[in-house]
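Student: Supplied in structure tokens, the structure appears directly below.
The values are calculated or read from the model by the stated rules, or taken from the named source; none is laboratory data. Nothing here was measured: the structure is a model prediction, and the numbers come from that model. As a convention, Cβ positions derive from the backbone with ideal geometry for all residues, glycine included, and neighbour counts pool all protein chains shown. Please note that ligands, DNA and RNA were not included when accessible areas were found on the heavy atoms of the full protein model with its side chains. Shrake-Rupley method; radii C 1.70, N 1.55, O 1.52, S 1.80 Å.
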Amino acid sequence: MPNMPLLDVQNLTIVYRTNAGPVIAAEDVCFTLERGRAVGIVGESGCGKTTIGMALMGLLPENGFVQQGRIIIEDTDLLSLTKPALRALRWKKMAMIFQAAMNALNPVHRVGDQIAEAIQTHYPDYSADKTRKEVAALFDLVDIPRNRIDDYPHQYSGGMKQRAVIAMALSCKPDLIIADEPTTALDVIVQDQILKKIKAFQDDMNIATIVISHDIGVVSEVCDNIMVMYKGRMIEYGKCEEVFMSPAHPYTVALLSSHLSLDSTYDFQADIENITEAPAASVLPGACGYAEKCRHADVQCFVQTPAWRHLSSTHRVLCLKVVTNDQ
Amino acid sequence: MQSKTETGKHERHSYRAKLLIDAWRLFHDNLIGRIGVCLLIVFGLMALLSYIPPHVDPMYHPMTGVDPEISYASPPSTRHWLGTDNIGRDILSQLLTGARVAFLVGISSAFISIVIGTLIGIVAAYWGKMLDGLLMRFADMVMVMPSLLVILLLSVLFGQLSIWTIVILIALFRWPAVARVIRSQTLSLKQRPFIDMARVAGASHLRIIFRHILPNVLPMALLYMTFRITSAIIVEAALSFLGFGDPNTVSWGMMLQWVWKTGHMFQAPYWLLPPGLCISFMTLSFYMMGRAMEEVLDPRLRRVRNAKHAAA
Amino acid sequence: MNLKRMIFKRSIEILVVFFIILTGLFVLFHLAPGDPVSMMVDLTMTPEDVDRLVQQLGLDRPLWTQYLLYLKNFFRGNFGTSFHYGRPVIEIISERLPATILLFTTATILAAMAGVWCGKLIAWHKGGPLDATVTIFSLLCSTLFLPWIALLSIWFFAFRVGWFPLSGMITPEIWVLPNLGFWAKATDILHHLLLPLLTLCIVNTGAYLLIMRSSMLETIKEDYIITARAKGLTEKQVRNHHAAPNAALPVITSVGLSLAFSVNGGALTETVFSWPGIGRELIFAVSNSDYPLAMASFMFIALVVLVANLIVDILYAYLDPRIRY
């Protein structure tokens, strides 16, 4: 069925137990994703975007748990799976591209071996020779010379490491790839190459992609849809063009104006200053988390729980005071 | 201007006081640290009480006091709570005196070694280059020396060592680890702007070292002092155990040597057990205190569990 | 390859350090109070013997000639005659060295391996009752006073229970038997070895275990551990193949740093168990003011420590590709 989404996330709420009591890291997150499509999750650090990625992989840290909601990939509900069943799905169904600068590769093993390990875990009947050939093919795919297969991660450049991580993610031909900050800490040219690669695989192999980034520019290059998050909540969701051309939530506006050129008429100065201080995730009262920093907020915003407003069939926003483009 | 610096000073003082209070609270919350401190208090009391027995009766003197009626190793009794050694000396009073000697050796030797280590560490990091390389190579060399055996060798060349010579010798072999840690701390301090500011303002090298660097590396040096204390106590005990201790003092190691050399280890568990237990528990308590202090001083170890993921 | 260059460089360094130690010993010997001649002369020596010794050591010649002779004698393996045994020192050393190396290497390797293995397991079950028990137990063990625990284990395992011999390395009555096979000899040595080995391991394992545990807890937070889990590996694979090899590296460093300390402990253990090793010989020589034997024993112990350091360095480089390549 081509119409059925590959991934269906419903009302996902994730909570961390901490010494200071429970902290809601993500609240009521809903979205769907079809094969060959890409969705970007944007927000500042601490907004819960990585938490969602980890929850999709079933890799929440020990003190984190899904309080409610469902994650359905094809027909399987991830949250109802046993540990071994989930392990079998990982990497084969959904794989992850980690930020290579964050030591996603183990320093004591050869890069090729680390990729081969993933293949052999999921295809135990492959011979060593066949696995080796697969790894070599993957290296070709991401443009790393074959003679670097037996090198160690520290011998790679930043861009090569990132490509190796992509090769690793592709190794078991997953249906869904979650790319968490795939280009952070890379220089602009390499960043562009990496993004093009991700885009190409998404189209060629019909892979669904989730790109998680704090950089709305990165997301807009690769994704069809954008989800903006703030303090654990989705606050705006829509097609890339829609969110870019007519951002509705004041936070999205601020985020965009900090990214776009300065010819906008919007007075974003105050908002930019606000974004730079990273908020700590904290228990949200019902009201809008952005109210304190929002220049459009009034009393209502502080007390009333905002509801989704649909601006079009694909574009929705969680705000009481929708900012329109012509403001 | 005057008042401004005054308030700055005041703020800095209250900031330091707050840090101290925080540190104490963290330390207090630490179970291992609490156990360590309690054990140390017990040993401290032992050391203080060691002055009492000889006043009660001369026969309780740890070295010279001999029970006129007992001239053999006797098990615990009302007269000798922990029994006597083979010539009728009171084991309890020896044990109490041993605590005093252990504190003396441990603390003084550790103090000397952290003074040496801190100075060498700061000098190496502050002047860098050749001097740094030389000093650190030297530190490496001292570090691979089996200190106990070197001190033994010295005692064969120079004759009987007094307790103070032992203290100093132990210190001379125990500074390299301190120097390494202090050096790396100083190196990172050197990157901070306030050192440059002080230099631009015309502060002398000595002033920069004593006013700006030393106060910042001092906590780490103190932490290392607790670890040096444990190793000093162990080396002194081992020396005494082998019969190279100062014959004018009683130490726990020496008591063990007496049990061993007089062949009482199979017959007199009441004599064999207490000194060994004391050495082991005293080193344990300093070690526990050190671990707890480490946790207080090193924010890396204190980090809230999974904070990294909770924030993401 | 880079590894070879590293080994070469470290070997040169070790030679230099050893040379400095030799020089230091020479200086100490001459700083010591008393006449060097009288220190090297035994009461039983005839005047001709004394003359020959003075000639050999150059004690009547200028200091720098003495120094050169001292170095020459060292490299020729000429360490003089032991006062106590009345035999060339080099003979005694070559008899004792294998016993020390046997005890020291097996104890170090066993303790490190046991520490790494246990530390790995308990770190994985952090916070549980097992973790707390093992951590406190190893904290206790690592601060035990070694000679004391050696005496206790002799008292209990050898004297009371009688599982092991009281002391020594061999049972002389067995070894005098004709046509005694290799395996019988090996078993006899092993029987004597176990108790000192156990004693050394009790004390050392605790320390390595604690290091491995905390290193493991740090490693678990690394991103490549998440990668490994994400790949669908089992927890055991993640632990053994991804976390442990990285976490073991600091343990190896600390084995290297604590070698000198282990040698102290080794000498004490040898003495208490009458294990005929070089550490016991040094302590024995020091007690008897047997200068030639004491000096030579010390030199060889220093050499053992330095070589062991080199081996640890090579092992580290072998396990950490960041050093190797």
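Student: Do the conditions hold for C:Leu259, that is, is it within 28 Å of C:Ser153 (Cα to Cα) and open to solvent by less than 10 Å² (accessible area, probe 1.4 Å)? If you could, list the steps in order and put the result at the bottom.
Tutor: On the way: within 28 Å of C:Ser153 (Cα to Cα): yes; open to solvent by less than 10 Å² (accessible area, probe 1.4 Å): yes.
It is true that C:Leu259 is within 28 Å of C:Ser153 (Cα to Cα) and open to solvent by less than 10 Å² (accessible area, probe 1.4 Å).
Student: The conditions are (1) in contact (Cβ under 8 Å) with a residue 12 or more places away in the chain; (2) open to solvent by 50 Å² or more (accessible area, probe 1.4 Å); (3) more than 21 Å from C:Ile278 (Cα to Cα); (4) part of a helix (DSSP H, G or I), and C:Lys72 fails exactly one of them. Which is it?
Tutor: Every condition holds for C:Lys72 apart from (1).
Student: Also, quick follow-up: So which residues in the range A:98-107 are modelled with pLDDT of 90 or more and more than 8 Å from chain C (Cβ to nearest Cβ)?
Tutor: Matches in the range A:98-107: none.
Student: Check A:Gly69 against each of (1) surrounded by fewer than 21 Cβ atoms within 10 Å (Cβ to Cβ); (2) on the phi > 0 side of the Ramachandran plot; (3) at the interface with chain C (Cβ under 9 Å from one of its Cβ atoms) and name the one condition it does not meet.
Tutor: The number of the failed condition is (3).
To keep it simple, each residue is scored yes or no on (1) modelled with pLDDT of 90 or more; (2) closer than 27 Å to C:Leu166 by Cα; (3) touching a Phe, Trp or Tyr at 6+ places or on another chain (Cβ under 7 Å).
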site: C:Ala247; (1), (2), (3): yes, no, no
site: C:Gly256; (1), (2), (3): no, no, no
site: C:Gly279; (1), (2), (3): yes, yes, no
site: C:Pro292; (1), (2), (3): no, no, yes
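Student: Between a residue in the range B:274-291 that is more than 7 Å from chain C (Cβ to nearest Cβ) and of a type in the set (D, E, K, R) and any residue that is surrounded by fewer than 24 Cβ atoms within 10 Å (Cβ to Cβ) and assigned to a helix (DSSP H, G or I), which pairs come within a Cβ distance under 6 Å, given they are 6 or more apart or on different chains?
Tutor: Between residues of the range B:274-291 that are more than 7 Å from chain C (Cβ to nearest Cβ) and of a type in the set (D, E, K, R) and residues that are surrounded by fewer than 24 Cβ atoms within 10 Å (Cβ to Cβ) and assigned to a helix (DSSP H, G or I), the close pairs are B:Arg291/B:Ile32.
Student: OK, next. Given the conditions (1) without any contact (Cβ under 8 Å) to a residue 24 or more places away in the chain; (2) open to solvent by 40 Å² or more (accessible area, probe 1.4 Å), and given that C:Asn240 satisfies all but one, which numbered condition is not satisfied?
Tutor: Against the list (1) without any contact (Cβ under 8 Å) to a residue 24 or more places away in the chain; (2) open to solvent by 40 Å² or more (accessible area, probe 1.4 Å), C:Asn240 comes up short only on (1).
Student: Among the residues of the range A:172-191, which ones are over 30 Å from A:Tyr123 (Cβ atoms) and assigned to a loop (DSSP other than H, G, I, E, B)?
Tutor: Let us first name the residues in the range A:172-191 that are over 30 Å from A:Tyr123 (Cβ atoms), namely A:184-191.
Residues satisfying the conditions are A:Thr184, A:Ala185, A:Leu186, A:Asp187.
Student: Restrict the check to the range A:19-36 and report whether at least one residue is under 18 Å from A:Ile177 (Cβ atoms), in the same structural domain as A:Val222 (by TED's automatic domain parsing) and in contact with a helix residue (DSSP H, G or I) (Cβ under 8 Å, 6 or more places away or on another chain).
Tutor: Scanning the range A:19-36, I find at least one residue that is under 18 Å from A:Ile177 (Cβ atoms), in the same structural domain as A:Val222 (by TED's automatic domain parsing) and in contact with a helix residue (DSSP H, G or I) (Cβ under 8 Å, 6 or more places away or on another chain), so the answer is yes.
Student: Give just the number: which of (1) facing chain C (nearest Cβ under 9 Å); (2) out of contact with any Pro (no Cβ under 7 Å at 6 or more places or on another chain); (3) under 14 Å from C:Leu233 (Cβ atoms); (4) crowded, with 21+ Cβ neighbours inside 10 Å does A:Ala88 not satisfy?
Tutor: (4)
Student: Please report, ordered by residue number, the helices (runs of 4 or more DSSP H) entirely within the range C:201-314 with at least 2 residues that are within 13 Å of chain A (Cβ to nearest Cβ). Give the derivation first.
Tutor: Details: elements: C:223-230, C:244-257, C:259-273, C:278-287.
Answer list for the range C:201-314: C:223-230, C:244-257.
Student: Quick check on A:Val111: is it in contact (Cβ under 8 Å) with a residue 12 or more places away in the chain and either more than 22 Å from A:Val218 (Cα to Cα) or within 14 Å of chain B (Cβ to nearest Cβ) (or both)?
Tutor: Working: in contact (Cβ under 8 Å) with a residue 12 or more places away in the chain: yes; either more than 22 Å from A:Val218 (Cα to Cα) or within 14 Å of chain B (Cβ to nearest Cβ) (or both): yes.
When the stated conditions are applied, A:Val111 passes them.
Student: Tell me, which helices (runs of 4 or more DSSP H) lie completely within the range A:244-327 with 1 or more residues that are at pLDDT 85 or above?
Tutor: In the range A:244-327, A:250-259 are the helices (runs of 4 or more DSSP H) which contain 1 or more residues that are at pLDDT 85 or above.
Student: How about the range A:69-116: which of its residues are farther than 26 Å from A:Leu6 by Cβ and not aliphatic (A, V, I, L, M)?
Tutor: A:Asn103, A:Asn106, A:Pro107, A:His109, A:Arg110, A:Gly112, A:Asp113, A:Gln114
Student: Return a yes/no flag: does the range C:180-195 have any residue that is open to solvent by less than 20 Å² (accessible area, probe 1.4 Å), aliphatic (A, V, I, L, M) and touching a residue at least 24 places away in the same chain (Cβ under 8 Å).
Tutor: Pass one, the range C:180-195, residues open to solvent by less than 20 Å² (accessible area, probe 1.4 Å): C:188, C:192-193, C:195.
Within this subset, residues satisfying the condition of being aliphatic (A, V, I, L, M) are C:193, C:195.
Filter again for touching a residue at least 24 places away in the same chain (Cβ under 8 Å), leaving C:193, C:195.
Scanning the range C:180-195, I find at least one residue that is open to solvent by less than 20 Å² (accessible area, probe 1.4 Å), aliphatic (A, V, I, L, M) and touching a residue at least 24 places away in the same chain (Cβ under 8 Å), so the answer is yes.
Student: Next up: What number of residues within the range A:12-28 satisfy the criterion of being at pLDDT below 90 and more than 10 Å from every other protein chain (Cβ to nearest Cβ)?
Tutor: Total satisfying the criteria: 6.
Student: Now a separate question. Checking A:Val135 against (1) more than 24 Å from A:Ile24 (Cα to Cα); (2) at the interface with chain C (Cβ under 9 Å from one of its Cβ atoms); (3) of a type outside the set (Ser, Thr, Tyr), which single condition isn't satisfied?
Tutor: It is condition (2) that A:Val135 fails.
Student: Next up: Collect the residues in the range B:234-256 that are assigned to a helix (DSSP H, G or I) and at the interface with another protein chain (Cβ under 9 Å from one of its Cβ atoms), keeping them in residue-number order.
Tutor: Initial filter on the range B:234-256 (assigned to a helix (DSSP H, G or I)): B:234-241, B:252-256.
Passing the criteria: B:Ile234, B:Val235, B:Ala237, B:Ala238, B:Phe241, B:Trp252, B:Gly253, B:Leu256.
Student: Hey, can you tell me all the residues within the range B:257-272 that are open to solvent by 10 Å² or more (accessible area, probe 1.4 Å) and either of a type in the set (Ser, Thr, Tyr) or assigned to a loop (DSSP other than H, G, I, E, B) (or both)?
Tutor: Listed by number, the residues that qualify are B:Thr262, B:Gly263, B:His264, B:Met265, B:Phe266, B:Gln267, B:Tyr270.
Student: For A:Gly64, work out the one condition from (1) at pLDDT 90 or above; (2) within 14 Å of chain B (Cβ to nearest Cβ) it doesn't fulfil.
Tutor: The single condition A:Gly64 does not satisfy is (1).
Student: I would also like to ask the following. Residues that are modelled with pLDDT of 75 or more and touching a strand residue (DSSP E or B) at 6+ places or on another chain (Cβ under 9 Å): does the range B:43-51 have at least one?
Tutor: So far as the range B:43-51 goes, no, none of its residues is modelled with pLDDT of 75 or more and touching a strand residue (DSSP E or B) at 6+ places or on another chain (Cβ under 9 Å).
Student: Let me ask you something else. May I ask you to list the residues in the range C:25-69 that are at pLDDT 75 or above, hydrophobic (A, V, I, L, M, F, W, C) and open to solvent by 60 Å² or more (accessible area, probe 1.4 Å)?
Tutor: C:Val27, C:Leu31, C:Leu63, C:Trp64, C:Leu68 - these are the residues of the range C:25-69 that are at pLDDT 75 or above, hydrophobic (A, V, I, L, M, F, W, C) and open to solvent by 60 Å² or more (accessible area, probe 1.4 Å).
Student: State whether the residues of the range A:139-155 include one that is within 25 Å of C:Asn2 (Cβ to Cβ), of a type in the set (A, V, I, L, M) and not assigned by TED's automatic domain parsing to the domain that holds A:Met205.
Tutor: yes
Student: Another question, then. Which of the residues spanning the range B:127-142 are more than 7 Å from chain C (Cβ to nearest Cβ) and free of Cβ contacts under 8 Å to residues at least 40 places away in the same chain?
Tutor: If the condition is that a residue be more than 7 Å from chain C (Cβ to nearest Cβ) and free of Cβ contacts under 8 Å to residues at least 40 places away in the same chain, then B:Trp127, B:Gly128, B:Lys129, B:Met130, B:Leu131, B:Gly133, B:Leu134, B:Arg137, B:Phe138, B:Asp140, B:Val142 are the ones that fit.
Student: Determine, yes or no, whether B:Ser74 is at pLDDT 85 or above and buried (at least 19 other Cβ atoms within 10 Å of the Cβ).
Tutor: On the way: at pLDDT 85 or above: no; buried (at least 19 other Cβ atoms within 10 Å of the Cβ): yes.
For B:Ser74, the condition - at pLDDT 85 or above and buried (at least 19 other Cβ atoms within 10 Å of the Cβ) - is not met.
Student: Given the structure, is C:Phe157 at pLDDT 90 or above and open to solvent by 30 Å² or more (accessible area, probe 1.4 Å)?
Tutor: yes
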